[in-house]
Amino acid sequence: MDPDPLQEFLVSLADRVTGLKGDERHAAEDLEFYSRYVVGWNNSEFVGNSQFIKKVYETLQYSDDEDILILGPRGSAKSTCVSVTYTTWVIGNNPLIRILLAVSSVESQGLAFGRQITHILENNDRYISIFGDLVPPLNARDKWSET
């Protein structure tokens with residue numbers, strides 16, 4: 001029987017993640033820590049997570065609910081923590097997942113989130129050291145678009 005490429009990929013992914021140590025393992029396993037260690041790293045605009053955002057991360061990571069409504073004041077980082085941080089963390093932990101971001105505010109905000117996600121996946125050294133190079137080759141990005 002021929003080996004199943006998907007099965008081989010999943011086994012190698014599991015081996016890689018279980019082989020992580022220290023902060024890298026902590027970031028792969030804990031969304032709030034990931035937000036500080038990976039997304040906040042080398043980001044001059046990152047000032048830390050408020051108690052509100054810590055609760056959002058806890059809810060996203062541990063809730064069994066399929067529908068979650070997050071309400072918070074304008075500028076509280078709720079959209080960024082869901083659209084960028086949570087999305088990149090989920091992709092790292094499950095590279096086979098498909099994600100569609102639907103941002104209800106304005107198109108420019110959605111495009112900015114898409115650029116932030118792409119930047120993390122392509123350029124964040126900590127992200128790549130934890131999850132590997134997950135960016136498909138240019139010729140395979142037919143479904144990866146900013147719109």
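Figures for the structure shown
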{"item": "Total formal charge among the other residues, if their Cβ is under 13 angstrom from that of G22, Lys/Arg +1 and Asp/Glu -1", "result": "-1"}
{"item": "Gain in span if fully extended, V90 to V135, counting 0.36 nm per residue against the direct Cα distance", "result": "14.8 nm"}
{"item": "Surface accessible to a 1.4 Å probe, D133 within the full protein complex, Å²", "result": "120"}
{"item": "Extended-chain gain in nm, criterion 0.36 nm per residue less alpha-carbon gap, D64 and F33", "result": "9.1 nm"}
{"item": "Under the Karplus curve 6.51 cos²θ - 1.76 cosθ + 1.60, θ = phi - 60°, whole-Hz ³J(HN,Hα) for segment 24-29, x wherever Gly or Pro sits", "result": "5, 5, 4, 5, 5, 9"}
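The values are calculated or read from the model by the stated rules, or taken from the named source; none is laboratory data. In this text, all values refer to a predicted model and were calculated from it rather than measured experimentally. Note that each Cβ is placed from the backbone with ideal geometry, even for glycine, and that neighbours are counted across all protein chains shown. Surface accessibility is based on the protein's heavy atoms, side chains included, excluding ligands, DNA and RNA. Shrake-Rupley method; radii C 1.70, N 1.55, O 1.52, S 1.80 Å.
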